[in-house]
Structure formats: structure tokens, C-alpha cells
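Novice: Following this message is one structure expressed as C-alpha cells.
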Amino acid sequence: MLRSALAALVSAGASRMLITTRLLSTGVLASAGAPRVGLEEQLQQAPWVLLLQVPGAGRGLFAAADIEQGTVVYEEAPMLWTPHPAPAPPTTCHACLRPLAPSAGCEEARASGISDSTSSSDGDHSAGRQGSAPRLRFCSPGCRADAEATWAAAAADCDFWPLQQACREAGEKFPLMAAQLACMQVQRWQQQQQQQQDGTEQHGTAGGTSTVTSTGGAPAAAPAWQGEPPTRGDALTQLHHLCYANIAVPPEPWVRLHSLLLRGLQPLASSARWAGVCTAERLQLEFSPEWFCGVLARLHLNAFRVDTVPPLDLSDPSALLRAAAASLGGSGAAAAAFGAAVPGSSSGGSSSGSGAGSTAQHHPGSAAFLLASMLNHSCEPNLDISWPHNNAVARFTAARDIAAHEQLTISYIDAEQSAAQRQAALQFAYGFSCGCPRCREGA
């Protein structure tokens, strides 16, 4: 299993934050001149949070002041995300991972057609050139516009259907997040080219609302977040902050998946829409095997499973029971019922469709966050994670009273397991043993 191979490269007994981060010497992780939404800006918008060094364990997030139980410490939108690969038609919004109501699917699809040239008769945004390929679907015009402005316009001209099929067969999803990152970079290139041609000072963003669309159209509408837009890291410039396993030789499955991703990008090189931006040589150079390996090595250790609750099927007697289970709070319940506070683990990032609110037809997603990737593990965490808007926006709430300068923690695994099971899960997925008070007591 790929996760065990990755964990073997992480030093045992060390926190995941002990792994040194670096900029890749090639590829988009080291792209220069792109607008940044960096750690400093994120921290300024999270006044309860400090980023400090942890002796012997890299970095971690700490409480900036005393925090009462139940306080919302911060919310964060992902910088990369993807629905888990599923047969067509998709059941999750490709922009925010909100479940799509089956009865409203056609209406939502009509509202989400990005342009006449890239939409089918029912308005879904084609995700590939083959007729059997699934289409991008969105829950609102705002989500559609946000996706178009940042990555979906490029994705519409790619052919990721073979990659999608291979990921579904292999139980993988992180290569699809790498494909999204590549499309973000392509649209960033085009925006930079347009700015140079126009001589303007317009700036794009990597996931938030952009004032420049890839087709030069009107400003994009905001996605359908509730309340103030949450903070979001810029994956093109900030992904290097995430810890990673240093992989000298890419695993064979990654080599094949990278080949499929590169093949899926090739239609951009012959598209008039991306003339002057994409050439076959540039795609091969920027999205090299080293780039792909660096992206997946980070996502495998940092991605969260986003377990949303699908619309209730009132004809299903068990639907209300699943919804009630999904509404339970607490760190143990969150990890056990949702797999939500488990970045990249077998109960979180790698499984699909098994959350309390999921059905056989509902496929949740995975997401990578900038600030949340700095949270270290404890088997008795002081933060609960939830998905209050039923999309990919994560909310971190104080599970108990937290003292100023106390480290903020989540559980990477199901904290309701026995001590031996927890240690085995952490060693398998992350390569370290937990030394929290609960584990020291053998509880």
C-alpha cells in the first residue's frame, strides 16, 4: 500500500512537523511572481492562533490567548480539493464539495454550464473530451464562476477521464488534486500573460474569488459560502509548507498515474484557447515526475477527508438515523463517524463513502488546508473539527478550555481506539508514536 511505503520514509518517533519542508527546484511549487495568500495573511485572520516552533517537533499551532470551550477558533477553506472518484454522474460539487441533491441535479447542472462552448445540453461542464467522461458539476452559479476563474476553464479542455478511471480502480484521489493544481497553474500563466499584454495590475487568486476570468470575461461571482468568506491558502505558492516524505524513487503506480495526468494535459498544447501559454514542452517540464511526486508526498500526509452529509432520502428508513449520527459532536465522534479529523489516514483520507451520513450513491471528497496542516496530533485533542456548511470549509472549535500558549491539536486517527490500536495506526500512516498523556498512561 502506498501509505505504508510513505510512512516508512518518515522517522519513527517524530512528529510529522519534524519533516523539513523545502521548495521544489522545478515545477509550479516554486513558481515566482504569483499572487500569494501566505501563512502570515492566514494567521492575521485567525486571531486565536499562533504559529510557533515545537522543541524537537518542528512547528505547531498554539492558542494566542485563553480560549473557552465551544469557541470557534478558526475556519479555513481548502487550497486543493477533489471529490472522491466515482462513476458518472458526479454527486458532489466540484468547487466546494457540497453534496448535490438528486432531485435538483438537472437544475443545478443548467446553472453550472461554464460557457456554451464547453457545456452539454444539460449544462454540465465537460471534464474530458470523451463522450463517456463524467462532467464537472456545481451547486450554484457562484461555485461555477469561482471554479472557472481558477482552474475549471483549463480542466474543460483536458482529458482526465483515463486518470479518473485509474484513480477509481486504485482507490486513489490525490492525483486528481494534482490535476487540479496543474490546471490552476495553467490559468495563472494565462492571467499573467493577459496582465503583461494589458499592462494592468490585476491579480488572480488561487481558490478565492478572482477579478480576472481565464476567458477575459466579467468578474467572477463569489462562491456560495455562508457568511464571510473563509481564508484559503494559495496552493501554487504555499503547498511547499506542508510536510512530506522524501521519496527518492517514485513508486511504480505513481509513474503510471503521472503519465495519465500528463496525457490528460496534452490537449491544452493544441488548443487555440491556450495558445502562447501551453506547449507540450512546457507541460512536460513544469509538471515533471519530480513535481508530481512532491505533490503526492505532501497530500498523502496532509489531506483531510471531507465527509459531508447527502440530502435525506425520506423513502429510506435509515436516512434519519445516519443524519442523527452525523450530527454528533466531539473529537472521538468526529473521527469515528466522519473520518473528518484524520488527514490522510486510513479512516480519513484513504477511504471513501463510508461516513455516517454517506450512502452508496454519495461520494465525499478530500482536501488540503494550509493552516490545518500545521496542527499536530494528540489522542486527547483540544480541537474538534466539523463541516458546518456541508462543504469543504473546515471549522475548528475548542473541545475544552484551552490555556494561552497551549498547543492546538487534533486527532489524526480514530481516538476511540485502544492505545495499542492508535499507536499501530499512527506508525502505519505517519511513522511516529504518540507520547500524549493519554498514551503514556496506556488509556
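The values are calculated or read from the model by the stated rules, or taken from the named source; none is laboratory data. If you're wondering where the values come from, they're calculated on a predicted model, not measured in any experiment. Ideal geometry is used to build each Cβ from the backbone, glycine not excepted, and the neighbour counts take in all protein chains shown. To get the accessible areas, we keep the full protein, side chains included, count just its heavy atoms, and leave off ligands, DNA and RNA. Shrake-Rupley method; radii C 1.70, N 1.55, O 1.52, S 1.80 Å.
Novice: Given the residues A415, A419, A403, which is the only one that is open to solvent by 30 Å² or more (accessible area, probe 1.4 Å) and more than 21 Å from L242 (Cβ to Cβ)? Give the steps one after another, and end with the answer.
Specialist: Values: A415 fails: open to solvent by 30 Å² or more (accessible area, probe 1.4 Å); A419 fails: open to solvent by 30 Å² or more (accessible area, probe 1.4 Å).
Exactly one residue qualifies, and that residue is A403.
Novice: OK, next. Determine, yes or no, whether T82 is of a type outside the set (A, V, I, L, M, F, W, C) and at pLDDT below 50. Give the derivation first.
Specialist: Details: of a type outside the set (A, V, I, L, M, F, W, C): yes; at pLDDT below 50: no.
For T82, the condition - of a type outside the set (A, V, I, L, M, F, W, C) and at pLDDT below 50 - is not met.
Novice: OK, next. Can you find a residue in the stretch 268-291 that is of a type in the set (V, I, T) and crowded, with 21+ Cβ neighbours inside 10 Å? Walk me through how you get there before you give the answer.
Specialist: Keep residues of the stretch 268-291 that are of a type in the set (V, I, T), which gives 277, 279.
Okay, now just the ones that are also crowded, with 21+ Cβ neighbours inside 10 Å, so 277.
Yes, the stretch 268-291 contains at least one residue that is of a type in the set (V, I, T) and crowded, with 21+ Cβ neighbours inside 10 Å.
Novice: Test R129 against the criterion of being modelled with pLDDT under 75 and in contact with a helix residue (DSSP H, G or I) (Cβ under 7 Å, 6 or more places away or on another chain), and give yes or no. It would help to see each step written out before you state the result.
Specialist: On the way: modelled with pLDDT under 75: yes; in contact with a helix residue (DSSP H, G or I) (Cβ under 7 Å, 6 or more places away or on another chain): yes.
Judged against the criteria, R129 is a match.
Novice: When the residues of the stretch 292-319 are filtered to those that are open to solvent by 10 Å² or more (accessible area, probe 1.4 Å) and either of a type in the set (K, R) or in contact with a strand residue (DSSP E or B) (Cβ under 8 Å, 6 or more places away or on another chain) (or both), which remaining residue is modelled with the lowest pLDDT?
Specialist: Checking each candidate, the answer is P311.
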